[in-house]
Amino acid sequence: MAQIHVNNGRLTDAFNMFEVAARSADPRALNMLGRAYERGWGVTRNPSTAATYFSHAASLGDAWAMFNLADLYMAGDGVPFDIPKAYDLYLSAAQNGVTKAFTMLGLIIEDGAIPNAEPDAAVKLFEAAANAGDCWGYLNMARHHLSSNNIDPALHCFSRALDLGFHDVFLATERLLANRKEPRFQNVVDRAKHYLKRPSAER
C-alpha cells in the first residue's frame with residue numbers, strides 16, 4: 001500500500017505506512033523507510049537517517065539497502081564520502097541479485113578508483129548489466145562502442161537503453177550524441193527527445 005501511495009503521489013500516506021511496516025524490522029520495510037528519508041517522501045529529507053535505516057536493512061541481508069547505502073557513500077550524502085566502502089556495498093548488492101550494481105562497479109573501476117583492476121573489467125561489468133536488462137548497462141556499452149567507433153553495436157545499445165530507460169537515460173543519450181551529426185545518430189537523439197516529452201519520462 002505504501003508503494004501504491006508513492007506511485008500516486010500521496011507521499012505523507014506512504015511515509016506513515018513505511019514507518020509502521022518498519023516496526024516489524026522487516027528488511028524490505030526498513031529499506032523503504034530509508035528511501036523515504038533519502039528522497040523526502042512525506043518527511044523532511046534526512047540522508048543521515050536514511051543511512052541508518054539502509055544499514056540496518058543491509059545487515060539483515062536486503063540487497064537494495066546495500067545498493068542504496070552505497071549510493072550515499074558515493075555521494076558523501078549523509079555519510080562520509082568513501083568510494084571503497086561504496087564499492088564493497090555495490091559488490092555485495094550485485095552478489096545478492098541487484099543487477100544495477102554491475103553498472104556502478106564498472107563506473108568505479110573505469111574511474112581508476114580500484115587499484116590492480118583488470119583493464120577490461122569495467123566493460124565486462126557494463127556488459128553483465130546490459131545482459132541483465134539494465135538500461136544504464138546498455139548506455140555505458142553504447143558509450144564504449146562509440147569510443148571504439150563500433151557504430152552498429154553502439155546504435156543497438158543506444159536503442160536498448162531507450163527501450164528500457166527513463167528521463168535520466170534519455171537525457172544522457174541526448175548529451176552523449178550532441179556532437180554526432182550522422183543521420184543514424186540523429187535518429188537516436190530525436191527518439192530520446194521524443195521520450196523526454198512523455199509524462200512517464202520522469203519515472
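Screening the range 1-40 for residues that are open to solvent by 40 Å² or more (accessible area, probe 1.4 Å) and assigned to a loop (DSSP other than H, G, I, E, B) and picking the one that is nearest to Asp62 (Cα to Cα) gives Asp26. Quick check on the range 123-165: of everything there that is outside any helix (DSSP H, G or I) and not aliphatic (A, V, I, L, M), which residue is farthest from Arg191 (Cα to Cα)? The residue in question is Ser148.
Considering the range 85-104, and only residues there that are of a type in the set (A, V, I, L, M, F, W, C) and open to solvent by less than 60 Å² (accessible area, probe 1.4 Å), the residue that is farthest from Phe54 (Cα to Cα) turns out to be Phe102. Within the range 105-122, the set of residues being open to solvent by 40 Å² or more (accessible area, probe 1.4 Å) and in a helix (DSSP H, G or I) comprises Leu107, Glu110.
Matching residues to (1) within 12 Å of the chain's Cα centre (by Cα); (2) under 21 Å from Leu177 (Cα atoms):
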{"residue": "Lys100", "(1), (2)": "yes, no"}
{"residue": "Leu105", "(1), (2)": "yes, no"}
{"residue": "Ala117", "(1), (2)": "no, no"}
{"residue": "Ala122", "(1), (2)": "no, no"}
{"residue": "Ala130", "(1), (2)": "no, yes"}
{"residue": "Trp136", "(1), (2)": "yes, yes"}
{"residue": "Ala142", "(1), (2)": "no, yes"}
{"residue": "Ser148", "(1), (2)": "no, yes"}
{"residue": "Asp152", "(1), (2)": "no, yes"}
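Counting only residues that are of a type in the set (Asp, Glu) and farther than 22 Å from Ile109 by Cβ, the range 31-86 holds 2 of them.
Pick from the range 48-59 the residues that are surrounded by fewer than 20 Cβ atoms within 10 Å (Cβ to Cβ) and in contact with a helix residue (DSSP H, G or I) (Cβ under 8 Å, 6 or more places away or on another chain): which of them is nearest to Gly78 (Cα to Cα)? Residue satisfying both the conditions and the ranking: Thr49.
Checking Asp82, Asp62, Asp71 one by one, the residue that is in contact with a Pro (Cβ under 9 Å, 6 or more places away or on another chain), at pLDDT 95 or above, of a type in the set (D, E, K, R) and open to solvent by less than 70 Å² (accessible area, probe 1.4 Å) is Asp62 and no other.
Out of the range 170-179, which residues are under 12 Å from Arg143 (Cβ atoms) and either touching a residue at least 24 places away in the same chain (Cβ under 8 Å) or among the aliphatic types (A, V, I, L, M) (or both)?
Within the range 170-179, Ala172, Thr173, Leu176, Leu177 meet the criteria.
The values are calculated or read from the model by the stated rules, or taken from the named source; none is laboratory data. The structure presented is a predicted model; accordingly, all values stated were derived computationally and were not measured. Cβ sites come from the backbone with ideal geometry, for glycine too, and all protein chains shown count toward neighbours. Heavy atoms of the whole protein, side chains included, go into the accessibility calculation; ligands, DNA and RNA do not. Shrake-Rupley method; radii C 1.70, N 1.55, O 1.52, S 1.80 Å.
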